[in-house]
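Notes for the one structure printed next.
The values are calculated or read from the model by the stated rules, or taken from the named source; none is laboratory data. Since the structure is predicted, the reported quantities are computational estimates derived from the model, not experimental observations. Reconstructed Cβ throughout: ideal geometry from the backbone, glycine too, with neighbour counts over all protein chains shown. Ligands, DNA and RNA are stripped out before the accessible areas are found, and what is left, the full protein with its side chains, is counted by its heavy atoms. Shrake-Rupley method; radii C 1.70, N 1.55, O 1.52, S 1.80 Å.
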Amino acid sequence: MTAEAAATVERLLEDLEAIEDPDARERALAAVQGLVELYGQGLERIVAVLCDRDDAGELAEALVDDELVAHLLLLHDLHPVPVDQRVRGALDEVRPYLDSHGGDVELVAIEDGVVRLRMTGSCDGCAASAVTLKLAIEDAIRKAAPEIEAVEAESVEGQNGKREAPTWAAIDADGLGDGDSALRKVEGEPILVMHVGRRLYAYRPDCAACGASLADAQPRDRWIACLDCGTRYDIRRAGRAAGRDGVQLDPVPLLQNAGGPVRVALGAPA
């Protein structure tokens, strides 16, 4: 609902900026700006009152857990959680996906609006590292801390610098219990989503060895096997094939937020 409301406001503002009469356009935009500043001053006073009475930080935590309230606080530079804490929280959010690649990420520093990271474990330097950085990590960081201008990773050669914002789509994972899998269509693209060890994983459904579909295969423990050629893939380790170097399923970045929709990144390079 927050995204829809924000998009509606953006469209209305574009309509105002398109008004041909310059005097009417300036007066309309000034009225909008005046309302934003007025509400900002009111929010600032509310936050000040709460801070005086919230020694344990419980009220602040409850406020920032609400997506709409957090958005408004960020808009007026009133967010009570420091940016470094928000970035660390974003990294914690994507760690399950990094763990599926056998790796992790460390926060090195935040300087002049740039987050510097270090990739560790088998994710360091692997083919999926660029995808992990560009899609999962950066999307989570930008959502938690929109003021961040760039995300850099020390260990991903040639991938440092400012990145294009990723596009995510919701995927239906309702009803999937531990050990279940299902083939879903997300904006026309087939995605195999699996529930293993209380976590969700997503892959493109083609066997990397023979090209057959894994749609009818079922996970067993942490493995899924192609019904045609028998190749077994480690679901928790980015779909690496057992005993076959260089053979690997095509993982799809997946984000699972508590209380929010499960989302996957489409069109991500392998």
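Annotations for the structure displayed:
- Index of the failed condition, ALA31 passing every other in (1) open to solvent by less than 70 Å² (accessible area, probe 1.4 Å); (2) out of contact with any helix residue (DSSP H, G or I) (no Cβ under 8 Å at 6 or more places or on another chain); (3) within 30 Å of ALA241 (Cα to Cα): (3)
- Residues that are surrounded by 14 or more Cβ atoms within 10 Å (Cβ to Cβ) and within 29 Å of the chain's Cα centre (by Cα), drawn from the stretch 209-221: SER213, LEU214, ALA217, PRO219
- Only listed residue being of a type outside the set (Val, Ile, Thr) and either part of a helix (DSSP H, G or I) or open to solvent by 80 Å² or more (accessible area, probe 1.4 Å) (or both), chosen from LEU73, LEU107, LEU117, LEU78: LEU73
- Those residues of the stretch 33-52 which are of a type in the set (A, V, I, L, M, F, W, C) and in contact with a Leu (Cβ under 7 Å, 6 or more places away or on another chain), in sequence order: LEU43, VAL47, LEU50
- Condition broken by ARG198, with the remaining ones in (1) modelled with pLDDT of 90 or more; (2) exposed (fewer than 15 other Cβ atoms within 10 Å of the Cβ) satisfied: (1)
- Selected residue (criterion: modelled with the highest pLDDT) from residues of the stretch 84-104 that are out of contact with any Lys or Arg (no Cβ under 8 Å at 6 or more places or on another chain) and surrounded by 17 or more Cβ atoms within 10 Å (Cβ to Cβ): VAL87
- Of all residue pairs spaced 6 or more apart or on separate chains, those with beta-carbon atoms under 7 Å, a first member in the stretch 224-238 that is aliphatic (A, V, I, L, M) and a second member that is open to solvent by 60 Å² or more (accessible area, probe 1.4 Å) are ALA225/ARG232; LEU227/ASP216; ILE235/ARG222; ILE235/TRP223; ALA238/GLN248.
- Filter result for LEU73 (within 28 Å of ILE148 (Cβ to Cβ), touching a residue at least 12 places away in the same chain (Cβ under 8 Å) and out of contact with any helix residue (DSSP H, G or I) (no Cβ under 6 Å at 6 or more places or on another chain)): yes
Quick grid of which residues meet (1) among the acidic types (Asp, Glu); (2) within 27 Å of GLU149 (Cα to Cα):
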| position | (1), (2) |
| --- | --- |
| ALA18 | no, no |
| ARG25 | no, no |
| VAL36 | no, yes |
| ARG53 | no, no |
| LEU59 | no, no |
| ASP92 | yes, yes |
| VAL115 | no, yes |
